[in-house]
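Below is one structure, written out as structure tokens; the observations come after it.
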Amino acid sequence: MANSLRTYFPMLQSREEILGKIHGSKELEEIFHSWQEKQREEFLDFCTGAKGVKMLYDFCIKAILNPEIYPERLEELISLLLGKKGKRKISSVYTIVLFEKSTPEFHQFPDKYIHKFQQESNTGLKLNLLQKFVFVALDIYRKNQQNKNIKNRLNGWLTFLSSDAPEDIIALIEKYPDFKPMYAQVYEICQNIEQVMGMFSKELYELDRNTVRYMIDELQEENKRWKEQDKRNQEEIEHWKEVNCRNQEENLYLKQEIKRLRKELGRKTGLKRRSF
């Protein structure tokens, strides 16, 4: 079957052409075989167009959204995410975070994928603070977008940033042709196999480092949960110790009271016998 993306991007190379260049260089071959098999297949897939490129890769996003070269692209994306139309001056400072895989908290809202935050005081005092935040859960967007058409420009940008499926890419560039040059720009970068392999290796390194950092964070969080659980267990043990201590005191009191009553009863019985 012919490569469907190559119909739109004829500069895409075949798998054989790319492998030929890699195996023709000892240095490139060493880099290639240092990757895991899954990573080698991913590289070949996006260089040949079997799949699209993940646009959140650093080398992609920096090329596509370079504010000095393509300010209009960045301005449109920011305006759409903030829900602000036109080129009105934005006085606040926004931090926009794009999640390829969002954390569990976001999945508590399965039909929401753009979350906006701003700082608030604990007293109700109102101040126009500049710093605000926008979190975009691209994985939740993809789930919501399954089997749906691209309806607007926001859908277009989120599809561009989140999907590497050829059918989504084709649907996007047919709906909004101005996205086609952005894909072409990345595929032109992929023509230089040595350069793109270096960039991809850097992405894998950052991914591994982030994975390790995430695992450490998870272990620390798990350790924190165990400590909190242990604290609760200790508090519960202390509580039951106190209950047990009170019960023992009450049992001792009851035993003494029974002993006293028996003694009192014995004394009264003895008095009755002497009275006869």
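Read the figures in this text as sums done on the coordinates, not as results from a lab. What you are looking at is a predicted structure, and each value in this text was computed from that prediction instead of being measured. Heads up, the Cβs are rebuilt from the backbone with ideal geometry, glycines too, and the neighbour counts pull from every protein chain shown.
The table below gives the values:
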{"read-out": "Filter on K101/K224; K116/K227; K21/K51 - keep pairs with C-alpha separation over 27 Å", "value": "K116/K227"}
{"read-out": "Amide H within-cut-off set for Y94, under 5 Å, with H built and near neighbours excluded", "value": "K132"}
{"read-out": "Loop sites in the stretch 13-44: chymotrypsin sites (Phe, Trp or Tyr not before Pro), DSSP, at most 16 other Cβ within 10 Å", "value": "W35"}
{"read-out": "Residue-wise HN-Hα coupling along the stretch 105-122, computed from phi with Karplus coefficients 6.51, -1.76, 1.60 (Hz; x: Gly, Pro)", "value": "4, 5, 6, 6, 10, x, 10, 10, 10, 10, 10, 10, 10, 8, 6, 9, 8, 7"}
{"read-out": "Ordering of 126-139, 233-246 by burial proxy (mean other Cβ atoms within 10 Å per residue, highest first)", "value": "126-139, 233-246"}
{"read-out": "Residue-averaged 222 nm ellipticity for the chain, from DSSP H runs of 4+ at -39500 (n - 2.57), nearest 500", "value": "-21000 deg cm²/dmol"}
{"read-out": "Ranked by how many other beta carbons lie within 10 Å on average, peptides 99-106, 256-263, 118-125, 153-160 from highest", "value": "153-160, 99-106, 256-263, 118-125"}
{"read-out": "C-alpha long axis of helix 180-189 to longest principal axis of the chain, angle in °", "value": "90 degrees"}
{"read-out": "Nearest 10 degrees, 0 to 90: helix 193-275 Cα axis against the chain principal axis", "value": "10 degrees"}
{"read-out": "Between the stretch 73-138 and the stretch 1-66, the alpha-carbon center distance in angstrom", "value": "33 Å"}
